Amino acid sequence: MKAFLEENTEVTNRGSLTPEIQLRLLTPRCKFWWERADLWPHSDPYWAIYWPGGQALSRYFLDNPDVVRGKSVLDLGSGCGATAIAAKMSGASRVLANDIDPIAGMAITLNCELNQLNPFPILTKNILDLEQDKWDLVMLGDMFYDEDLADSLHQWLKNCFWTHGTRVLIGDPGRPQFSGHSIQHHLHKVVEYSLPEPTRQENNGLTTSTVWDFQP
């Protein structure tokens, strides 16, 4: 699997909000960027795209390391691992990356190595089904793309906040499943970023991405 990922992704730090972070991604220079989707031999490679919500969170941590320094952080739906990597670069004491796709776990490990970081623990189970652990900070980017998942996340995040006093930061570029969800009543805008042109083109013209503080 490691060889497959190395062969079919490109190492890049271009076109995102965080040129400090190198990632293995699917780009126009990769074979499977152009191939029919059904020829990809594994589950959908969501981990091979640096989504705009994750970009906003990562940029925020790199610019404001005090938010994560010395803290335990959970990156929910970690994908390529960029936000977890940004948290580690910014001094987080404990990092767990969670993604249900085991191939994402391999990609995160490779991306840690690209950025001269010792790989942090990766959990490839649905954490919403597990007993809640205590975290100083839970971060999630681009996870509100499905209404049922949004409802489950909302309840799980409320439990984190009420049970452990966990801070929750959400990155999202304004997808309708997020901007139209009842969670909007409990959000405080932290910062909004203008997305680089390549990211806009890859995300159907979305122009900004915002970090929100969830305060139920």
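Any read-out appearing in this document is the output of simple, stated calculations on the displayed coordinates, not a laboratory observation. Here the structure is a predicted model, which means the values were calculated and not measured. Counting neighbours? That spans all protein chains shown, and the Cβs are built from the backbone with ideal geometry, glycine included.
The modelled label-to-label distance between Glu113 and Ser182, using points 7 Å beyond Cα along the C-beta direction, is 4.6 nm. Scaled against 2.2 N^0.38 Å for its residue count N, the alpha carbon radius of gyration of segment 1-214 is 0.96.
Among DSSP bridges having both ends in the chain, what percentage is antiparallel? Round to the nearest 5. Intermediate results must be reported in sequence, preceding the final value.
On the way: 15 of 31 bridges.
Bridges in the chain that DSSP calls antiparallel: roughly 50 percent.
For the chain, adding -39500 (n - 2.57) for each run of n ≥ 4 DSSP H residues and dividing by the number of residues yields -9500 deg cm²/dmol at 222 nm. Working from label points 7 Å from Cα in the Cα-to-Cβ sense, the Trp162 to Glu20 distance is 3.7 nm. Put a plus charge on the Cβ of each Lys and Arg, a minus charge on the Cβ of each Asp and Glu, and nothing anywhere else: the dipole of the chain about its Cα centre is then about 520 debye. Which trypsin sites (Lys or Arg not before Pro) in segment 1-75 pass both tests, a DSSP loop state and at most 15 other beta-carbon atoms within 10 Å? For trypsin sites (Lys or Arg not before Pro) across segment 1-75 that sit outside H, G, I, E and B with at most 15 neighbouring Cβ atoms in 10 Å, the list reads Arg14, Arg29, Arg36, Arg69.
Placing a pseudo-label 7 Å from each Cα along the Cα-to-Cβ vector at Asp66 and Arg29 gives an inter-label distance of 4.0 nm.
Residues in segment 2-12 carry Karplus couplings, in order, of 4, 5, 4, 5, 5, 6, 10, 10, 10, 6, 8 Hz; the curve used is 6.51 cos²θ - 1.76 cosθ + 1.60 with θ = phi - 60°, and Gly or Pro positions show x. Of the residues Cys80, Ile21, Gly171, the one whose Cα sits farthest toward the positive end of the charge dipole of segment 1-214, with +1 on the Cβ of Lys and Arg and -1 on the Cβ of Asp and Glu, is Ile21.
Result for the chain in a Gaussian network model with C-alpha springs under 10 Å: among Asp148, Asp75, Asp101, the largest mean-square fluctuation is at Asp148.
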